[in-house]
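In what follows, a single structure is set out as structure tokens and then discussed.
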Amino acid sequence: MLRVTIDGQPRECAPGTLLDALKTLGIAVPALCDDPRLAPVGACRTCIVDVEGCERPVPACTTSLAEGMVVHTHSPRVEAQRRVLLRLLGSEYPAEAVARHPDKPFHRALREYGLEHEARGAPGAERRDDSHPYLHVDMSQCIQCYRCVRICDDVQGQFVWRVWNRGAETCILPDGPDLGHSSCVSCGACVDSCPTGALEDRTLVDRGWPDAWTRTTCAYCGVGCEMDVGTRGGRIVTVRPSREGPSNRGHLCSKGRYAFDFVTAPDRVSVPLLREAGGWRRASWDEALGFIAERLRHLRDAHGPDAVGMLGSARATNEENYLAQKLARVVLGTNNVDCCARVCHAPSAAGLKQMLGTGAATNSFEDVEHARTLLVAGSNTTECHPVVGARIKQAVLRGAKLIVIDARCTELARYADVHLRPRPGTDVPLLNALAHVIMSEGLCNEDFLRERVDAVEDFQAFIRGWTPERAAERCEVAPEDLRTAARLYATHGPSMMVHGLGMTEHVQGTETVMALVNLALLTGNLGGPGMGVNPLRGQNNVQGSAHMGCEPGQLTGYVPWRRTAPASRRRGMPPCPPRRGWT
């Protein structure tokens with residue numbers, strides 16, 4: 001901790017910027033170009049403070065805290081300069097916007113310095129753009145903080161917003177004729193960052209500002225983004241990303257951000273309905289539940305428990321899935337319980353469990369930022385898991401290497417150092433060829449193999465026949481491309497791989513996942529920062545629903561329904577699953 005003096009009070013603060021320290025201490029200063037998701041640039045200068053020993057005020061966002069520093073956040077000189085800066089920013093700003101949305105960061109700053117009445121600009125219809133289905137644009141409220149430009153570039157990696165011209169002619173415009181015809185992917189990050197009303201959700205313009213917020217988890221893909229849902233009168237009007245979400249870190253995609261009107265869709269079933277001769281009849285919950293219980297009891301008694309099946313859901317909670325399989329197994333007496341998790345990623349669970357002892361990811365999305373090489377197999381990540389796709393894209397833009405294995409030319413493939421496009425159904429030969437190169441060229445992590453992997457010699461004998469030339473005939477991929485990919489993954493570590501349904505939804509899906517794990521085991525890319533094997537799940541609780549036992553052959557906790565204990569365990573060996581190296 002650093003000992004400093006701020007506004008006459010001795011403080012102890014963690015290393016970082018002055019602005020970080022002020023936020024932690026609850027000392028408010030305007031910071032109109034600051035966003036915690038972005039690197040500080042000090043463009044607006046409204047966060048200036050006096051530091052004793054400095055000739056002039058310094059921006060708090062770009063000044064590092066130092067031992068013994070003496071800081072004045074509201075000295076007369078700072079207040080005077082801050083007032084001038086705010087007056088200049090607001091000189092042509094629409095006055096009605098300040099009154100209509102007083103809680104916008106820029107509007108609060110004007111009000112705190114008594115400058116709200118000096119905003120004398122008028123809204124200009126020519127600077128509005130409503131061509132986008134989700135975003136409302138009014139550049140008469142733009143103060144050129146560039147947060148929209150930077151968050152689009154540095155978080156989403158889409159590069160939609162561009163700064164045009166210079167000096168007084170500077171303006172910010174999309175990369176198309178209008179926003180609706182630009183390369184925007186509707187992640188909403190620019191709206192979330194904008195400190196004014198220049199960029200806004202159209203739902204807020206149409207439905208009003210929320211009067212309540214609820215923290216929840218996105219209901220779509222398996223990234224598990226944390227978000228805040230804003231409601232007004234019980235109706236959703238906006239969704240914002242949670243800054244504390246560990247998997248999304250203050251970011252969302254178009255689905256999580258804007259695809260919420262299904263909640264109030266007119267054809268959504270919101271009450272129990274019973275089918276009768278004339279169609280559907282509305283019923284009470286008591287009547288509906290009684291009817292279901294009676295029918296299930298009749299079917300079980302008349303035809304046996306296995307005449308009944310129960311479907312859980314990979315979009316339901318752990319608790320709901322646990323109760324669903326409990327109802328099937330304990331009350332009805334059948335193992336006919338399933339959910340969509342088994343359709344998409346059962347090969348991942350089976351392959352990972354057989355190879356590593358548990359059917360789950362070996363690392364977290366945080367490792368994307370630590371990996372020097374990323375391997376993306378069978379996943380159109382920027383489309384199907386956009387938040388993770390954006391993180392991968394940003395890592396590549398910062399210098400990480402990228403290998404893509406996909407028959408399609410996806411967005412990430414355009415950023416790849418190596419793009420392998422195998423003929424569909426030939427993933428196992430391709431991965432075996434990569435393993436062959438790693439072993440034949442001496443690129444293995446010998447210490448890792450010796451300490452942690454069994455049956456290395458058997459696998460070496462098997463893989464010797466899978467040369468890149470042999471695989472190339474089946475996969476229709478150039479042998480030299482296979483060698484390049486294998487060398488890159490093995491030598492430019494730490495290396496992390498993610499895979500999607502393009503790997504698993506095949507007859508040989510389990511074997512494909514096992515072959516992927518082989519590459520991680522050969523190179524020792526498991527168990528450290530920036531390493532691992534990570535299956536990208538299709539729904540938001542694929543892992544949880546399977547763990548809760550919503551599968552016919554697995555009980556809660558991935559315990560097999562019919563289980564034969566290994567001989568070693570019967571002799572009292574530790575209950576750890578044996579490490580299996582190869583298939």
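Any residue at all in region 128-144 that's in a strand (DSSP E or B), under 26 Å from Val29 (Cβ atoms) and at pLDDT below 95? No, that holds for no residue.
Of the helices (runs of 4 or more DSSP H) entirely within region 421-519, those holding at least 1 residues that are among the aliphatic types (A, V, I, L, M), out of contact with any helix residue (DSSP H, G or I) (no Cβ under 9 Å at 6 or more places or on another chain) and surrounded by 17 or more Cβ atoms within 10 Å (Cβ to Cβ) occupy 479-491.
The residues in region 329-342 that are surrounded by 22 or more Cβ atoms within 10 Å (Cβ to Cβ) and among the polar types (S, T, N, Q) can be counted, and the count is 0. Within region 391-410, the set of residues being without any contact (Cβ under 8 Å) to a residue 40 or more places away in the chain, surrounded by 18 or more Cβ atoms within 10 Å (Cβ to Cβ) and in a loop (DSSP other than H, G, I, E, B) comprises Ala400, Thr410. Residue count for region 106-126, restricted to those that are modelled with pLDDT of 85 or more, under 30 Å from Cys253 (Cα atoms) and either loosely packed, with under 15 Cβ neighbours inside 10 Å or in contact with a Lys or Arg (Cβ under 6 Å, 6 or more places away or on another chain) (or both): 0. The set of residues in region 379-388 being open to solvent by less than 10 Å² (accessible area, probe 1.4 Å) and either part of a loop (DSSP other than H, G, I, E, B) or over 16 Å from Gln539 (Cα atoms) (or both) consists of Ser379 alone. Among the residues of region 1-38, those that are closer than 15 Å to Val70 by Cβ, buried (at least 18 other Cβ atoms within 10 Å of the Cβ) and not basic (Lys, Arg) comprise Val4, Ile6, Cys13, Leu18, Ala21, Leu22, Ile27.
Among residues of region 148-168 being within 27 Å of the chain's Cα centre (by Cα) and either open to solvent by 30 Å² or more (accessible area, probe 1.4 Å) or among the hydroxyl-bearing types (Ser, Thr, Tyr) (or both), the one that is farthest from Leu89 (Cα to Cα) is Gln158.
Between Thr214, Thr203, the distinction of being among the hydroxyl-bearing types (Ser, Thr, Tyr) and crowded, with 20+ Cβ neighbours inside 10 Å belongs to Thr203 only. When the test is whether a residue is touching a Pro at 6+ places or on another chain (Cβ under 8 Å) and charged (D, E, K, R), Arg77 passes it. There is at least one residue in region 32-39 that is touching a Ser or Thr at 6+ places or on another chain (Cβ under 7 Å), of a type outside the set (A, V, I, L, M), under 27 Å from Arg150 (Cα atoms) and at pLDDT 95 or above.
If the condition is being in a loop (DSSP other than H, G, I, E, B) and in contact with a Ser or Thr (Cβ under 8 Å, 6 or more places away or on another chain), then region 318-363 contributes Cys339, Cys340, His345, Gly359.
Here's the yes/no breakdown for (1) open to solvent by less than 20 Å² (accessible area, probe 1.4 Å); (2) modelled with pLDDT of 95 or more:
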position	(1), (2)
Arg315	no, no
Leu327	no, yes
Cys344	yes, no
Gly351	yes, no
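For region 59-74, the set of residues classified as open to solvent by 20 Å² or more (accessible area, probe 1.4 Å) and farther than 24 Å from Cys148 by Cα consists of Ser64, Ala66, Glu67, Gly68, Met69, Val70, His72, His74, listed by residue number. Scan region 7-26 and give yes if some residue there is of a type in the set (Gly, Ala, Ser), free of Cβ contacts under 8 Å to residues at least 60 places away in the same chain, in contact with a Leu (Cβ under 7 Å, 6 or more places away or on another chain) and at positive phi, otherwise no. Taking every residue of region 7-26 in turn, at least one turns out to be of a type in the set (Gly, Ala, Ser), free of Cβ contacts under 8 Å to residues at least 60 places away in the same chain, in contact with a Leu (Cβ under 7 Å, 6 or more places away or on another chain) and at positive phi. Here Leu323 meets each of (1) buried (at least 16 other Cβ atoms within 10 Å of the Cβ); (2) within 33 Å of the chain's Cα centre (by Cα) with one exception, condition (1).
Checked against the criterion of being in contact (Cβ under 8 Å) with a residue 60 or more places away in the chain, over 17 Å from Lys104 (Cβ atoms) and either open to solvent by 20 Å² or more (accessible area, probe 1.4 Å) or in contact with a Pro (Cβ under 9 Å, 6 or more places away or on another chain) (or both), the candidates Cys187, Cys145, Cys171 yield just one match: Cys187. Taking (1) over 18 Å from Ile172 (Cβ atoms); (2) surrounded by fewer than 16 Cβ atoms within 10 Å (Cβ to Cβ); (3) in contact (Cβ under 8 Å) with a residue 40 or more places away in the chain in turn, Glu96 satisfies each apart from (3).
Please work out if Arg77 is in a helix (DSSP H, G or I) and open to solvent by 60 Å² or more (accessible area, probe 1.4 Å). Against the criterion (in a helix (DSSP H, G or I) and open to solvent by 60 Å² or more (accessible area, probe 1.4 Å)), Arg77 qualifies. Of the residues screened, Glu551 is not one that is open to solvent by 40 Å² or more (accessible area, probe 1.4 Å), in contact (Cβ under 8 Å) with a residue 12 or more places away in the chain, within 25 Å of Cys221 (Cα to Cα) and of a type outside the set (Lys, Arg). Applying the condition of being of a type in the set (Gly, Ala, Ser) and at pLDDT below 95 to region 230-245 and asking which residue is nearest to the chain's Cα centre (by Cα) yields Gly245.
The values are calculated or read from the model by the stated rules, or taken from the named source; none is laboratory data. Quick caveat: nothing in here was measured; it's all calculated off a predicted structure. For neighbour counting, all protein chains shown are included, and Cβ atoms are generated from backbone atoms with ideal geometry for every residue, glycine included. Surface accessibility is based on the protein's heavy atoms, side chains included, excluding ligands, DNA and RNA. Shrake-Rupley method; radii C 1.70, N 1.55, O 1.52, S 1.80 Å.
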